[in-house]
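Visitor: What follows is a single structure, and I will ask about it in a moment.
The values are calculated or read from the model by the stated rules, or taken from the named source; none is laboratory data. Keep in mind that what you see is a predicted model, and the values were worked out from it rather than measured. Neighbour counts are summed over all protein chains in view; Cβ atoms, including those assigned to glycine, are modelled from backbone coordinates with ideal geometry.
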Amino acid sequence: MDKFIKQEEKNILKGIAKPPRGALGKILAEFDPDIIIGHPTFHCEDNIGSLVYRDLEGIRNVFYDNRVAVIIADGTYNDKSNDTSNIEAAIAGAKKALDDFTEQERKNVLVYTGPHEGYDSAHFSPGKGNAFKMIFEEMEPTNAKAILLLDGDLRNDMTPWQRVYKKVIEYHEKHYPNENFFVTARYARHIVDASLTRNVVGPLTTLMGSYVPGGISG
């Protein structure tokens, strides 16, 4: 095991203090997943444990005939805060789910959670963006046929989502063999979505001397 990545339990790995580029990729290549599920996180500690649990339940019901790696790349941690709350929550969720797995089911699953705020120590940039990029870079050495990227604050039951993803993968394998594909969710927003933020919260924070970036951020 890499000195920057330690094993919490069988097939549950924890990154320690920003593993260098390629450290996780080497482990993923050895595990040889068919599917990779990635979650970038930034202050998702209230949800990520439950999401990982739901991921693994979905894998057990949907991707039972595949080897699946679940990666949680956390953009919350930095050297100043040492905030590992997202990482610890994800590990707790993984342990809870895998306790119910058979030995064979557990062999086909790998869970990694660790910090990431950029590889260049002179230009650390915490947040989901760098964490998102890290997942793509570390999957490169693998032969995974699909990567599913989902926000770390998703609260949905993941089993129906994974059924849809599996159908999409099978459709493309049948009709477009050996071709890459990209699929994204179709979001149907209400006509007044974000009105509260734009028309109430925004003006109030301006009056109070606070700046809230983002048109629809909370």
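Visitor: When residues of segment 25-48 are filtered for being crowded, with 24+ Cβ neighbours inside 10 Å and farther than 23 Å from residue 140 by Cα, how many remain?
Guide: Number of matching residues: 2.
Visitor: Let me ask another. Consider residue 22 carefully, then state whether it is under 19 Å from residue 129 (Cβ atoms), in the same structural domain as residue 159 (by TED's automatic domain parsing) and either surrounded by fewer than 24 Cβ atoms within 10 Å (Cβ to Cβ) or not charged (D, E, K, R) (or both).
Guide: no
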